[in-house]
Amino acid sequence: MWMILAILSAVFAALTSILAKVGIEGVSSNLATAIRTCVVLVMAWGMVFLTDAQGGLSSISRKSWIFLILSGMATGASWLCYYKALQLGDASKVVPIDKMSVVITLILAFTFLHEKVTLKSVLGCVLIAGGTLLMVL
């Protein structure tokens, strides 16, 4: 199931980029990000109530709150930068650079989460980085 959800995530992320590039024309990138964020907020809370998960709010630990808030701030910063880059550049160049987050995530996971470094993951990182470089030059 995780594979299907991951593929759907990639499809929706691709649609996000194309729809955003068209929608951001003539709109402040910060305003566009705020509109997108409001839509995501409504959808996320809709799913919380639809799945009856709102009761879990009281059981979230202080550590989880801190890291979820920090994650939200990182997401906001990412979206603000992404929309401005998308407004200024070609989607075919901005998106591959944005997807370098895969390489950065792996490096951070190895460093801070002590996840196992494998030849396959290192080779994948090198290929993603090389492919990105090839696409944007």
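The values are calculated or read from the model by the stated rules, or taken from the named source; none is laboratory data. Bear in mind that the values here come from a model prediction, so they are computed numbers and not experimental data. Cβ coordinates were reconstructed from backbone atoms using ideal geometry, including for glycine residues, and neighbour counts include every protein chain displayed.
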Residue satisfying all of: in segment 82-99; buried (at least 16 other Cβ atoms within 10 Å of the Cβ) and of a type in the set (D, E, K, R); farthest from Ala34 (Cα to Cα) among these:
Lys99
Consider Ile35 carefully, then state whether it is surrounded by 10 or more Cβ atoms within 10 Å (Cβ to Cβ), without any contact (Cβ under 8 Å) to a residue 40 or more places away in the chain and within 20 Å of the chain's Cα centre (by Cα).
yes
When Ser58 is run through (1) in the same structural domain as Ala10 (by TED's automatic domain parsing); (2) modelled with pLDDT of 95 or more, the failure sits at (2)
For Gly23, which of the numbered conditions (1) closer than 21 Å to Ser101 by Cβ; (2) at pLDDT below 95; (3) surrounded by 10 or more Cβ atoms within 10 Å (Cβ to Cβ) fails to hold?
(1)
Does Ser64 satisfy the criteria of being modelled with pLDDT of 95 or more and part of a helix (DSSP H, G or I)?
yes
From the options Leu123, Leu86, Leu106, Leu133, residue that is modelled with pLDDT of 95 or more and either outside the structural domain of Gly26 (by TED's automatic domain parsing) or assigned to a helix (DSSP H, G or I) (or both):
Leu123
Identify, please: which residue in segment 89-103 is outside any helix (DSSP H, G or I) and under 17 Å from the mean Cα position of the chain (by Cα) and is, among those, farthest from Ala20 (Cα to Cα)?
Met100
Positions within segment 1-54 being of a type in the set (Asp, Glu) and under 21 Å from Gly89 (Cβ atoms), in sequence order:
Glu25
Name the residue that is surrounded by the most Cβ atoms within 10 Å (Cβ to Cβ), counting only residues in segment 100-127 that are touching a Leu at 6+ places or on another chain (Cβ under 9 Å) and under 25 Å from Tyr82 (Cα atoms).
Cys125
Number of the exception - Ala74 against (1) closer than 17 Å to Ala13 by Cβ; (2) touching a helix residue (DSSP H, G or I) at 6+ places or on another chain (Cβ under 8 Å):
(2)
